[in-house]
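A.B. asks: Dropping the structure in here first, questions after.
The values are calculated or read from the model by the stated rules, or taken from the named source; none is laboratory data. Computed from a predicted structure; not experimentally measured. All Cβ positions, glycine included, derive from the backbone under ideal geometry; neighbour counts span all protein chains shown. The accessibility values were calculated without ligands, DNA or RNA, using every heavy atom of the protein model including side chains. Shrake-Rupley method; radii C 1.70, N 1.55, O 1.52, S 1.80 Å.
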Amino acid sequence: MSTPSDAQRMEKIVSLCKRRGFIFQSSEIYGGLNGAWDYGPLGVELKRNLKNYWWRIMVHERDDVVGMDGAILTHPAVLKASGHVEGFSDPMIDCRTCKAHLRADQLVDKKGVRQCPNCGGKDLTEARQFNLMFETHVGASAEESSVAYLRPETAQSIFTQFKNVLEVSRKKLPFGIAQIGKAFRNEINPRNFTFRSREFEQMELEYFCRPEQGMELLEYWKEERLKFYENIGLSRASLNVLNVPDEERAFYSKGTYDIEYHFPFGRQELEGVAYRTDYDLSQHQKASGKSLEYFAEETKERFIPHVVEPSAGVDRTVLALICEAYSEDQAPNDKREMESRIVLRFSPRMAPIKCAVFPLLKNKEQLVAKAKEIVALLRPHMTVFYDESGAIGRRYRRQDEIGTPFGVTVDFETLGEKDPALRNTVTLRDRDSMKQERVSIGDLVNFLSSRIR
Ligand code: GAP
């Protein structure tokens, strides 16, 4: 259960995200579109850093994984075969008192009586199945034969392209196909900011293997994924691994772990790691009539590979990164008085802006020129922000609030005016410790790059 302070913390996070340009309500000037979000200038950088790092770890740094980028519009036959047309639904209940549409699991149970969580009403409809897929029509006619769906997960195009990718990549089992992209679900109740949205992004790997390797690879991928989350700055203590019990697993799965994060609104799933057996490829082989078998040259066997799937949400992970990073502490202002500051303690790897550059005074041409030189020096290597307006303490505070890990100040020492030995050195400030050290401009790129990677 979330406590009042958790709720306040979440409110502050949502407000910061809007104020500083991480995440905005989609179509806001028209009243907003529920369940859709737009990422602003800082949000898009954070999201890209996450996706790029996932791609680097899951594809580029491995010999056994290749990538693909499938279409969002999906043939209905694909989603019939996968079971989505029949079974991808949530039980929905309406409250007749306040007219809310609710997922059955959202009802509150008070002494054995089910109530609406919004108004406490007890006049509820029977549960009915509500399919979560967005249906659309392809081409000019809107008949049944023109129906297509916006994909509800990226996984299905990986399964349907399995044979093509296998042939062109000439991989041997075990090997994986990775994809990052948008998915759409008409969630009954989008909520908790971006956590449950109707349009969101997934980062999915389908790792194909021999049947006897499935359970071992399930353990392997759970551990790899936990390492990943720690490497982007989510502490192990904030993560939880749920071994999904038999009765809650998809019927075809032999084992599933949910990797959960302690959000201010409770412990919730970030990623599912599932051993899906040979269910998906078998279904598509049956429905399409095309062989999706693998031929093992060593043993001359033909069989349908099994698959282990680590499937993560981009938006949920971005939200977890922001929640984990958000903190408030005390810092001295320009008059050396302590005041409270908001700081996003992103790991430098994920931070949207890596380094801010400040001339101590904006009306000193030489300071400004030197600061701009440093911006040009750093820009090919990292995201940099130049700021000359306001007192230096205020400028630090603005960067703390968006999680910039390093600040470089060009002062009179840099120009060699006080001590010639300090010419071409700058003050480098660390966001978290607020410690400052003198660094030579020539060493800046290496110094910062080593901390960012
Ligand atoms: N291919 C398997 C699959 O799609 P899932 O558990 O339904 O499994 C995987 O989704 C991940 O996608 C979830 O762990 C979550 O991070 C993200 N996700 C699912 N539905 C979401 C939604 N409505 N809003 C945001 N992220 C969502």
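A.B. asks: Among PRO190, VAL108, ASN243, flag the residue with its Cα farthest along the positive direction of the charge dipole of the chain, charges on Cβ as +1 for Lys/Arg and -1 for Asp/Glu.
C.D. replies: Going by the Cα projections, it comes out as PRO190.
A.B. asks: Also, I was wondering about something else. Residue by residue through segment 159-173, what is 3J(HN,Hα) from phi via Karplus (6.51 cos²θ - 1.76 cosθ + 1.60, θ = phi - 60°)? Round to whole Hz and write x for glycine and proline.
C.D. replies: Along segment 159-173, the couplings run 5, 6, 9, 3, 5, 4, 5, 4, 5, 6, 8, 6, 7, 10, 5 Hz.
A.B. asks: Also: What is the dipole size for segment 30-116, taken about its Cα centre, with +1 at each Lys and Arg Cβ and -1 at each Asp and Glu Cβ, in debye to the nearest 20? Don't skip to the answer; put the middle values down first.
C.D. replies: Details: 12 positive and 11 negative charges, 101 e Å.
Roughly 480 debye, rounded to the nearest 20.
A.B. asks: Quick one: Debye curve from the alpha-carbon atoms of the chain only, equal weights, vacuum; give me log10 I(q)/I(0) at q = 0.06, 0.09, 0.10 Å⁻¹ to two decimals.
C.D. replies: -0.34, -0.72, -0.86
A.B. asks: May I pose another question? How far is the Cα center of segment 286-353 from the Cα center of segment 208-264, in Å?
C.D. replies: 13
A.B. asks: For LYS364, list the lysines whose Cα falls under 19 Å from its own Cα; do not include residues on the same chain fewer than 8 positions away.
C.D. replies: By straight Cα distance, LYS364 reaches LYS372, LYS418.
A.B. asks: Which far-off residues, 5 or more places away or on another chain, put their amide H under 5 Å from the one on PHE263, with H placed in the peptide plane?
C.D. replies: So PHE263 has HN proximity to GLN268.
A.B. asks: Cα axis of helix 279-288 to longest principal axis of the chain: angle in degrees, 0 to 90, nearest 10?
C.D. replies: So the helix axis and the longest Cα principal axis differ by about 60 degrees.
A.B. asks: A further question follows. Report, in debye and to the nearest 20, how large the dipole of segment 331-428 comes out about its Cα centre when Lys and Arg carry +1 and Asp and Glu carry -1 on their Cβ. Could you put the intermediate results ahead of the total?
C.D. replies: Working: 17 positive and 13 negative charges, 56 e Å.
Computed about the Cα centre, the dipole is about 260 debye.
A.B. asks: Which angle from 0 to 90°, rounded to the nearest 10, does the C-alpha axis of helix 314-325 make with the longest principal axis of the chain?
C.D. replies: 40
A.B. asks: Tell me, what is the 1.4 Å probe accessible area of TYR207, in Å² to the nearest 10?
C.D. replies: Accessible surface of TYR207 is approximately 10 Å².
A.B. asks: Moving on to the next point. Let me cross-check LYS290: its accessible surface, 1.4 Å probe, with only protein heavy atoms counted, in Å² to the nearest 10?
C.D. replies: Number for this one is 130 Å².
A.B. asks: At a 1.4 Å probe radius, which order do ARG236, ARG20 fall into by accessible area, largest first? If you can, show how the numbers build up before the last one.
C.D. replies: Values: ARG236 100, ARG20 65 Å².
Largest to smallest exposure gives the sequence ARG236, ARG20.
A.B. asks: In degrees, nearest 10, range 0 to 90: what is the angle between the Cα axis of helix 4-19 and the longest Cα principal axis of the chain?
C.D. replies: The angle comes out near 70 degrees.
A.B. asks: OK, next. Assuming a ≥ b ≥ c are the square roots of the Cα gyration tensor eigenvalues, decide whether segment 1-94 counts as rounded (a/c under 1.5), prolate (otherwise, with a/b larger than b/c) or oblate.
C.D. replies: Working: a/c = 1.89, a/b = 1.23, b/c = 1.54.
Oblate.
A.B. asks: What part of the accessible area of segment 155-279, given as a whole %, is carbon or sulfur when the probe is 1.4 angstrom?
C.D. replies: Values: 2190 of 5080 Å².
Carbon plus sulfur share of accessible area: 43 percent.
A.B. asks: Then there is this: So, taking all protein chains as they sit and a 1.4 Å probe, how much accessible area belongs to VAL368, in Å² rounded to tens?
C.D. replies: Surface open to solvent at VAL368 totals about 20 Å².
A.B. asks: Another one. On average over all directions, what projected area in square nanometres does segment 358-406 have, based on the convex hull of its Cα atoms?
C.D. replies: Numbers: hull surface 13.3 nm².
Averaged projected hull area, Cα only: 3.3 nm².
A.B. asks: Let me ask something else about it. Mind ranking HIS60, HIS284, HIS101, HIS137 by accessible surface for me, highest first, 1.4 Å probe? Spell out each step's value before the answer.
C.D. replies: Numbers: HIS60 135, HIS284 10, HIS101 100, HIS137 75 Å².
Largest accessible area first, the list is HIS60, HIS101, HIS137, HIS284.
A.B. asks: Next question. Any chance you could get the radius of gyration and Dmax over the Cα atoms of segment 309-453, in Å?
C.D. replies: Taking only Cα atoms of segment 309-453, I get Rg and Dmax of 16.2, 61 Å.
A.B. asks: Okay, moving on. Quick check: with the 1.4 Å probe, what order do SER197, SER15, SER449 take by accessible area, largest first? Walk me through the intermediate numbers first.
C.D. replies: Numbers: SER197 5, SER15 60, SER449 40 Å².
Ranked from most to least accessible, the order is SER15, SER449, SER197.
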